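Here the structure comes first, spelled out in structure tokens, and everything after it is commentary.
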Amino acid sequence: MSLISNYCDISKLSVIPKLFSHLISSKLSNYCSSLLSIHHYGFIPKRSTCNNLVVVKNMVLQSFEVNAQTDIIYTDFSKAFDHVNHVILIKKLRLIGISGPLLNWFQSFLSGRLPTVKYLKFTSTQFSVPSGVSQDDYLSSLLFNICINDLLSVIANSNILLFADDEKLVIIIMSEQDAINLQLDIKSLRLWCNANQIF
């Protein structure tokens, strides 16, 4: 039986907002290139899953050299793009130096959207959307990367590698304390998710 939660919603933007989004996306991408962590591999030019895998492979080889194990915790933010809280995102944009008219544009662009759902011949009534970034928007992936960028600052012991809404915590285990440290990082990840309303 098909569950509606298994389907991905796709938002269609009209031409004018899409044009503005494209223009702002290219400028913001350049601005953020030095602000986003080197451990981000998704939606960033010249970075890919291959880079991500090479880092993990090198850590595993390093652990072999010292006769240790490598523990890797894989996580995935379920429907992550839908859970980006607009208020939190605006705060994070402000923290990276976005202000004035551009910040006002983001506030206007993100808030007050009243989408409808169309299925066959049926159209729903409009409803409010307090979170999420549109799947049909040039800015969505960049805004999501900005939203999760500070996650790296709360992981104290493990290496964290990000690719879109997938995360890997990687740590070489040489002692019981390393295993405890991994547990502490998992707890920090959970607390960050709760604080940022990304589950």
Placed amide H near GLN135: partners under 5 Å, 5+ positions off or other chain: SER11
Backbone HN-Hα couplings from phi across the stretch 50-63 [Karplus 6.51/-1.76/1.60, Hz, Gly and Pro as x]: 4, 4, 4, 5, 5, 4, 5, 4, 5, 5, 5, 4, 4, 5
Length gained when the stretch LEU19-LYS46 is fully extended (0.36 nm per residue, less Cα-Cα span): 7.3 nm
Label-point gap, in nm, between ASN58 and PHE199 - each point 7 angstrom along Cα→Cβ: 3.7 nm
At 1.567 mPa s and 4 °C, Stokes diffusion of the stretch 127-199 via Kirkwood alpha-carbon radius, µm² per second: 94 µm²/s
Distance between modelled label sites at LEU95 and ASN157, nm, 7 Å Cα→Cβ extension: 2.3 nm
Whole-Hz couplings from phi, Karplus 6.51/-1.76/1.60, listed for the stretch 29-44; x for Gly and Pro: 4, 4, 4, 7, 4, 8, 8, 7, 4, 5, 8, 8, 10, x, 6, 10
Label zone at ASP178 (point 7 Å along Cα-to-Cβ), backbone N below 13 Å, the stretch 43-67: 59-67
Estimated vicinal HN-Hα couplings, Hz - the stretch 100-115 in sequence order (Karplus 6.51, -1.76, 1.60; Gly, Pro = x): x, x, 5, 5, 4, 4, 4, 4, 5, 5, 8, 9, x, 6, 10, x
Amide H within-cut-off set for GLU167, under 5 Å, with H built and near neighbours excluded: THR75, ASP76, PHE77
Distant-in-sequence amide H partners of ILE173 (H built 1.01 Å from N, under 5 Å): GLN69, THR70, ASP71
Over 32 Å (Cα to Cα) - which of LYS46/LYS92; LYS57/LYS91; LYS18/LYS187; LYS57/LYS187 fall in this group: LYS57/LYS91; LYS18/LYS187
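Every number in this text was worked out from the coordinates using simple rules, so none of it is lab data. Owing to the predicted nature of the structure, the values given are computational and were not obtained by experimental measurement. Neighbour counts are summed over all protein chains in view; Cβ atoms, including those assigned to glycine, are modelled from backbone coordinates with ideal geometry.
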